[in-house]
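S.K.: This is the structure, below, for whatever I ask next.
The values are calculated or read from the model by the stated rules, or taken from the named source; none is laboratory data. What you are looking at is a predicted structure, and each value in this text was computed from that prediction instead of being measured. Neighbour counts run over all protein chains shown; Cβ positions are idealised from the backbone, glycine included. Just the protein is used for accessible areas: all its heavy atoms, side chains included, with ligands, DNA and RNA removed. Shrake-Rupley method; radii C 1.70, N 1.55, O 1.52, S 1.80 Å.
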Amino acid sequence: MTMIAIIFQALSFVGVLIALYFAAMQTRKLQKQVSISNLYSRYEALHHANERYDAGLAMLFQRPDLRSYVFRRKPVDLVGDDLDRALIVADQMAGAVDHALRVGDRFPDEGRGDWSAVAEEMARTPLFQAIVSEKPTDFPDLSRFFPDAQPDEETSDATG
């Protein structure tokens, strides 16, 4: 081998090492950018869940007499329009929690933004038990906290 060939091989090897180093740096930067983008999307989705939950609270603000059904586990003894209003509030809030649970499960963020405690409290509340058992497929992620609200194949076959 000539001296020029050896120098050319050494320079080629150094060039490959430099290219690999820059490729690794670009990959790390891209990975960080994707991670930031995913985190931003997660927070944006959770923000939408918060807005939906707040919309339920706004409905509750208009009808404070329904508050005990939502937060104090009062048995549902409502009828007619009052029952409908309470179920609409519960539907709005349950939908928000279901959405937040779905986002949190699929895009975890080291335990931050976990809505499980809210879901567990809802599962103990008769108003939410009523709405989730009425429409368990509307709340697929929330309904796992409601053991009595799982869709029954026989019932869905008979009613469907």
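S.K.: Might you check whether a residue that is part of a loop (DSSP other than H, G, I, E, B) and basic (Lys, Arg) occurs anywhere in region 81-93? Outline the logic, then answer.
M.R.: Restricting attention to region 81-93, the residues satisfying the condition of being part of a loop (DSSP other than H, G, I, E, B) are none.
Scanning region 81-93, I find no residue that is part of a loop (DSSP other than H, G, I, E, B) and basic (Lys, Arg), so the answer is no.
S.K.: Consider only pairs whose beta carbons are under 6 Å apart and that are at least six residues apart or on different chains; among these, list those whose first residue lies in region 136-154 and is at positive phi and whose second residue is at pLDDT 90 or above and open to solvent by less than 80 Å² (accessible area, probe 1.4 Å).
M.R.: none
Residues checked against (1) among the hydroxyl-bearing types (Ser, Thr, Tyr); (2) in contact with a Leu (Cβ under 8 Å, 6 or more places away or on another chain); (3) touching a residue at least 12 places away in the same chain (Cβ under 8 Å); (4) closer than 20 Å to residue 145 by Cα:
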residue	(1), (2), (3), (4)
70	no, yes, yes, yes
73	no, no, yes, yes
77	no, no, no, no
85	no, yes, yes, no
96	no, no, yes, yes
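S.K.: Quick one: how many residues across region 124-135 are open to solvent by 20 Å² or more (accessible area, probe 1.4 Å) and part of a helix (DSSP H, G or I)?
M.R.: Residues of region 124-135 open to solvent by 20 Å² or more (accessible area, probe 1.4 Å): 124, 126, 129-130, 133-135.
Next, only the ones that are part of a helix (DSSP H, G or I) stay: 126, 129-130, 133-134.
The total comes to 5.
S.K.: Being surrounded by fewer than 14 Cβ atoms within 10 Å (Cβ to Cβ) and either out of contact with any Phe, Trp or Tyr (no Cβ under 7 Å at 6 or more places or on another chain) or closer than 26 Å to residue 88 by Cα (or both) is the filter here; which residues of region 34-47 pass it?
M.R.: Start the filter on region 34-47 by keeping residues that are surrounded by fewer than 14 Cβ atoms within 10 Å (Cβ to Cβ), which leaves 34-41, 44, 47.
Within region 34-47, 34, 35, 36, 37, 39, 40, 41, 44, 47 qualify.
S.K.: If you check residue 109 against the conditions, is it touching a helix residue (DSSP H, G or I) at 6+ places or on another chain (Cβ under 7 Å), more than 23 Å from residue 137 (Cα to Cα) and not in a helix (DSSP H, G or I)? Please lay out each step first, then the result.
M.R.: Numbers: touching a helix residue (DSSP H, G or I) at 6+ places or on another chain (Cβ under 7 Å): yes; more than 23 Å from residue 137 (Cα to Cα): yes; not in a helix (DSSP H, G or I): yes.
When the stated conditions are applied, residue 109 passes them.
S.K.: While we're on this one: What single numbered condition from (1) under 23 Å from residue 104 (Cβ atoms); (2) out of contact with any Leu (no Cβ under 6 Å at 6 or more places or on another chain); (3) in contact (Cβ under 8 Å) with a residue 12 or more places away in the chain fails to hold for residue 89?
M.R.: Among (1) under 23 Å from residue 104 (Cβ atoms); (2) out of contact with any Leu (no Cβ under 6 Å at 6 or more places or on another chain); (3) in contact (Cβ under 8 Å) with a residue 12 or more places away in the chain, residue 89 violates only (2).
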